[in-house]
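Below you will find the structure I want to go over with you.
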Amino acid sequence: WDNADFSRGVGTTFYQEFSTLNTAKPPFVRDVEAKIRRYLRSSYSAVWTLKITWEKAPVYAAWTDTRKTIMYQAVLTTDGFRSYILMLYQDGGMQWDYTRLASTNVLIGYT
């Protein structure tokens with residue numbers, strides 16, 4: 001989640017934690033569970049989920065251009081034994097011009 005630059009006051013980061021051990025699950029958590037079950041074809045019941053949203057995030061360095069921003073999310077979830085991450089990008093994918101970054105060795109995802 002590198003290369004977003006909020007230093008010029010453009011963009012915001014939000015997060016919401018869902019602790020669902022022994023509690024009713026909100027629709028968002030049920031949707032995350034359904035996605036994991038569908039993608040991995042396995043049973044999954046979340047006990048904890050964290051949703052992080054970067055809204056109107058400008059690319060680093062923001063002093064070059066704060067007009068081209070993006071929105072993306074990371075959803076971390078676990079059942080206490082297995083953990084998953086869903087990485088969600090606005091329609092059209094990552095819209096930053098990576099050719100203008102200091103390093104053009106760019107990855108979307110994680111290792």
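What are the pairs with Cβ atoms under 8 angstrom where one residue, in region 5-25, is at positive phi and the other, located anywhere, is open to solvent by 80 Å² or more (accessible area, probe 1.4 Å)? Sequence gap at least six, or different chains.
G11/K56
Please count how many residues of region 64-93 are more than 21 Å from E33 (Cα to Cα) and either modelled with pLDDT of 70 or more or assigned to a helix (DSSP H, G or I) (or both).
So the count comes out to 6.
Does K51 satisfy the criteria of being open to solvent by less than 80 Å² (accessible area, probe 1.4 Å) and at pLDDT 95 or above?
On the way: open to solvent by less than 80 Å² (accessible area, probe 1.4 Å): yes; at pLDDT 95 or above: yes.
Considered against the rule, which asks whether it is open to solvent by less than 80 Å² (accessible area, probe 1.4 Å) and at pLDDT 95 or above, K51 comes out as yes.
Could I ask something else about it? Which one is nearest to S83 (Cα to Cα) among residues in region 14-63 that are part of a strand (DSSP E or B) and of a type in the set (F, W, Y)? Show your work before the answer.
Of the residues in region 14-63, the ones part of a strand (DSSP E or B) are 14-19, 48-59.
Next cut, of a type in the set (F, W, Y) only: 14-15, 18, 48, 54.
Details: F14: 21, Y15: 18, F18: 14, W48: 10, W54: 21 Å.
Ranking the qualifying residues of region 14-63, first place goes to W48.
The values are calculated or read from the model by the stated rules, or taken from the named source; none is laboratory data. Being a predicted model, the structure only gives us computed values, none of them experimental. Neighbour counts are summed over all protein chains in view; Cβ atoms, including those assigned to glycine, are modelled from backbone coordinates with ideal geometry. We work out accessible area using only protein heavy atoms, side chains counted, and drop any ligands, DNA or RNA first. Shrake-Rupley method; radii C 1.70, N 1.55, O 1.52, S 1.80 Å.
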